[in-house]
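Read-outs: derived from the displayed coordinates by stated rules, not from any lab. Because the structure is predicted, anything quoted here is derived from the model rather than measured. Please note: Cβ atoms are built from the backbone with ideal geometry, for glycine as well, and neighbour counts cover all protein chains shown.
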Amino acid sequence: MPVIHKLDGLIAWTRRAEWREVMAETLVRHVAKACAGADLEIEDLWDFLDDADQGVIWGAAFEDLLASDLPDGRNLADDYLKRCCLKEPVVTQEYIAALRHSVISLYEVSEVVPGESMLLRDLVRPSEPVRVLEKAGTRSLRQWDRVATRVIPQRSVTVISGTLLAFDQDTSEQLLASLRRVRSKAGARQEVWWRRSQRRSVGPCQRNELTRRSPLSCFSAARPLPSPTSGLQPYYGPNSMTPRLRWRTAMVTR
């Protein structure tokens with residue numbers, strides 16, 4: 001069974017002066033488009049959501065920030081581990097480091113063992129299906145369901161992150177079609193860059209790097225922003241983030 005990871009310290013770190021505004025901005029980016037489409041002010045959104053829904057949204061934004069580098073080069077997970085690593089068990093440090101390098105993706109569920117595990121096939125980045133240990137989600141997920149999450153290697157097992165969002169078939173197909181369009185445009189732009197780079201005078205090391213990178217390599221860093229279409233038990237509960245939101249620290253375990 002996967003190890004229980006208490007992320008209270010890391011969550012509390014987002015409330016420090018140097019990260020509070022960054023976390024708030026990340027949260028706004030995750031809801032701004034949906035609010036605009038619903039003709040709803042962002043500050044009014046929270047009046048329509050219960051604690052569970054708020055926890056889902058906050059958790060997705062939190063993990064996105066953990067896996068992102070700011071323009072000034074800072075990263076929340078790196079900063080926390082550098083300054084507070086001695087406060088955390090080694091396995092929790094490893095889990096945070098894995099979250100820092102994770103990407104969210106859309107997966108197809110199969111071979112569900114309720115209360116134990118499931119097989120996930122990445123629908124965005126072609127790869128072999130991976131079996132993940134998962135307790136709570138496998139009690140409600142069924143064969144061929146689609147979910148957005150982060151797959152986290154953890155020593156001898158593989159788990160998923162605290163963000164687990166269910167997609168219906170139509171919404172997932174719309175998302176995949178949108179990503180294909182993005183990939184096509186990105187590939188065309190990088191192909192132009194590729195050809196121009198080949199015409200320049202470059203050294204052997206630079207030439208090797210150009211050869212290694214395919215025109216579509218930039219897509220591997222894409223992180224689609226999911227919208228949940230059905231309720232799954234959230235990992236992240238409300239905690240103090242902004243004057244309008246009170247978040248409880250959460251224990252992440254599946």
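Lysines within cross-link reach of Lys185: Cα-Cα under 26 Å, excluding same-chain residues under 8 positions apart?
In chain and number order, the partners are Lys33.
Quick one: if you take sqrt(5λ) for each eigenvalue of the C-alpha gyration tensor of the stretch 34-189, what semi-axes come out, biggest first, whole angstrom?
Values: eigenvalues 121, 107, 73 Å².
Calculated on Cα positions only, the semi-axes equal 25, 23, 19 Å.
Which aspartates and glutamates, if any, have their Cα less than 15 Å from the Cα of Lys135, not counting same-chain residues under 8 positions apart?
Excluding near neighbours in sequence, the set is Glu111, Glu116.
Using Cα positions and a limit of under 16 Å, work out the lysines in reach of Lys6, with same-chain residues fewer than 8 apart set aside.
In chain and number order, the partners are Lys87.
Only loop residues by DSSP count here, and only those with at most 13 other Cβ atoms within 10 Å; note down the GluC sites (Glu not before Pro) in the stretch 94-137 that meet that.
Values: sites: Glu94, Glu108, Glu111, Glu116, Glu134; in loops: Glu116, Glu134.
Loop-located and lightly packed - Glu116.
About its Cα centre, how strong a charge dipole does the stretch 19-113 have in debye, to the nearest 20, once Lys and Arg get +1 and Asp and Glu get -1 at the Cβ?
On the way: 8 positive and 20 negative charges, 123 e Å.
The dipole magnitude comes to about 600 debye.
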